[in-house]
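Novice: Quick one: the structure is below, questions incoming.
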Amino acid sequence: MKYLEFSRSPFGRRRIFLIRAVLVVGVILFSANGRAQETQTLQESLSFESPGTVEHAGMPVSLLELVKEAEQNNPQIQASREGWKAAQQIPTQVSTLPDPEFTVQQVNVGSPRPFAGYRNSDFAYIGLGVSQDFPYPGKLRLKGEIAKRDADVSQQGYEAVRRAVLAGVKTAYFQLAYLSKTLGILENDGGLLQQVEQAADARYRSGMGNQQDLLQAQLERTKLLREITMHHLEVAKLQAQLKELLNRSQSSPDIEPVDLSETALPYTYEELLAATRAQNPQIAGAENMIERQRLQVDLAHKDFYPDFNLQYMWQRTDPTQFRAYYMLSVGVRLPIYRSRKQRPELAQAGAELSRSHSELEVQSQHVVSELRVQYETAQKTAELLKIDKEGLLPQARAEFQAGVAAYQNNRQDFQALLASFLDVLHLDEEYWQNTAERETALARLEELTGLSLRNEGAKQ
């Protein structure tokens, strides 16, 4: 979740560098025409008209619209769908008898020219024939069943691609909505920081404060501007990713998401697990592959038996002297190289069947593990949202407002006030980050289970 983790920029990590920067800025600011004038100039240069003001591309677009658009236009989905359609055409091909072979014969005696010896020899004749290969009974049926299982595997592969693309659209959409929300938070919290700066400036002008408090407040405002710019960079990356999934031109207008909101999870873990085992395409594909390999083992056993060939020939010599000849021939193709062909084929089919069982176990364990992770993420983020909304956020804002008043009355130092402001900022960001994480977890649950967990989502 690099887009969500990115927003947690720890302001305290660059503390040593910031202290040095404060000292340098202090020397520059107060070495010229007086402290008050330089402070005012710096404040004007750092006014919170940030370059990161969000420019809306238009009316907000619902997730449902984008999901439908991706399902219709995404080239990965289209390619996988066509691959499935192609696989559906194979069973009838491989389960049908080989094409018959028609033969025309003309035999001369005494001359190489066609039909030259027809009246010169009793051995000259014209013949018409047809031959047909017949595999051992049951082989064609097994080949058709194997091809049907291959088509089923291809169908599950298509479903897996479709769900993965739609989950990608949902994830990018929620991340974009989160960044859009946090951009507004950064801009709004700039107003809170302005209160801090004004309080520091008032104390500095009255002689109760010091230069470092004012410079640090201005420095925090600069850091907010940098944070906004970096958020815009992440928004640009997400826009490019979302347009790729939707198969839109990169020069098309940017996508404006609707506001994030918390979605309820109406299923228990046991219900989600049952739906996953019944509808997950990775598990279903692995199960189809096991059945396919079982049929392949049966076909390998059939290859120990012979195939047949039936021929029928009509021959005409001199019609004034002889009657026509009719010839029926039956050929048998014997599998005499069993130790080099059929037995290795059977061993290969058995090994592939064992591998398919192992792959089913791997897929089942992976899917169930991912289901548990996403379910716990959805549950725990819901708890965090409740804690933030009902406790931490109002408490942090109350502490900050009390801190501003206490600082103005010289009852609290600047570092404590700044820390309370950073608490408000971080908690605001984390609240929406947890909301986006929860919605992303629900999107992943939809991908795993095939259920629709929100009204906005397309039924899978």
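The values are calculated or read from the model by the stated rules, or taken from the named source; none is laboratory data. What you see is a predicted model, and the numbers here were worked out from it, not measured in a lab. Backbone-built Cβ (ideal geometry, glycine too); neighbour counts: all protein chains shown. Protein only, heavy atoms only, side chains kept; ligands, DNA and RNA dropped before computing areas. Shrake-Rupley method; radii C 1.70, N 1.55, O 1.52, S 1.80 Å.
Novice: Output the residues belonging to the range 237-287 that are touching a helix residue (DSSP H, G or I) at 6+ places or on another chain (Cβ under 6 Å), outside any helix (DSSP H, G or I), polar (S, T, N, Q) and open to solvent by 30 Å² or more (accessible area, probe 1.4 Å).
Specialist: Asn247, Gln250
Novice: Taking the range 226-236, which residues are over 11 Å from Gln175 (Cα atoms) and open to solvent by 10 Å² or more (accessible area, probe 1.4 Å)?
Specialist: Selection gives Arg226, Thr229, Met230, His232, Leu233, Ala236.
Conditions tested, residue by residue: (1) loosely packed, with under 14 Cβ neighbours inside 10 Å; (2) among the β-branched types (Val, Ile, Thr); (3) more than 28 Å from the chain's Cα centre (by Cα); (4) modelled with pLDDT of 95 or more.
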{"site": "Arg292", "(1), (2), (3), (4)": "no, no, no, yes"}
{"site": "Gln311", "(1), (2), (3), (4)": "no, no, yes, yes"}
{"site": "Trp314", "(1), (2), (3), (4)": "no, no, yes, no"}
{"site": "Asp318", "(1), (2), (3), (4)": "yes, no, yes, no"}
{"site": "Tyr325", "(1), (2), (3), (4)": "yes, no, yes, no"}
{"site": "Gln365", "(1), (2), (3), (4)": "yes, no, no, yes"}
{"site": "Tyr375", "(1), (2), (3), (4)": "no, no, no, yes"}
{"site": "Ala382", "(1), (2), (3), (4)": "no, no, no, no"}
{"site": "Leu392", "(1), (2), (3), (4)": "no, no, yes, no"}
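Novice: When the residues of the range 294-305 are narrowed to those that are assigned to a helix (DSSP H, G or I), open to solvent by less than 60 Å² (accessible area, probe 1.4 Å) and not hydrophobic (A, V, I, L, M, F, W, C), which ends up nearest to Gly144 (Cα to Cα)?
Specialist: Only one residue tops the list, namely Gln296.
Novice: Further question: Determine if the range 436-453 includes at least one residue that is without any contact (Cβ under 8 Å) to a residue 60 or more places away in the chain, among the hydroxyl-bearing types (Ser, Thr, Tyr), over 30 Å from Gln279 (Cβ atoms) and open to solvent by 10 Å² or more (accessible area, probe 1.4 Å).
Specialist: Within the range 436-453, none of the residues are without any contact (Cβ under 8 Å) to a residue 60 or more places away in the chain, among the hydroxyl-bearing types (Ser, Thr, Tyr), over 30 Å from Gln279 (Cβ atoms) and open to solvent by 10 Å² or more (accessible area, probe 1.4 Å).
Novice: Also, I was wondering about something else. For Gly138, indicate whether it is within 23 Å of Tyr325 (Cβ to Cβ) and surrounded by fewer than 18 Cβ atoms within 10 Å (Cβ to Cβ).
Specialist: no
Quick grid of which residues meet (1) in contact with a strand residue (DSSP E or B) (Cβ under 8 Å, 6 or more places away or on another chain); (2) free of Cβ contacts under 8 Å to residues at least 60 places away in the same chain; (3) outside any helix (DSSP H, G or I); (4) not aliphatic (A, V, I, L, M):
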residue	(1), (2), (3), (4)
Gln348	no, yes, no, yes
Leu353	no, no, no, no
Ser358	no, yes, no, yes
Lys386	no, yes, no, yes
Leu393	no, yes, no, no
Glu399	no, yes, no, yes
Asp428	no, no, no, yes
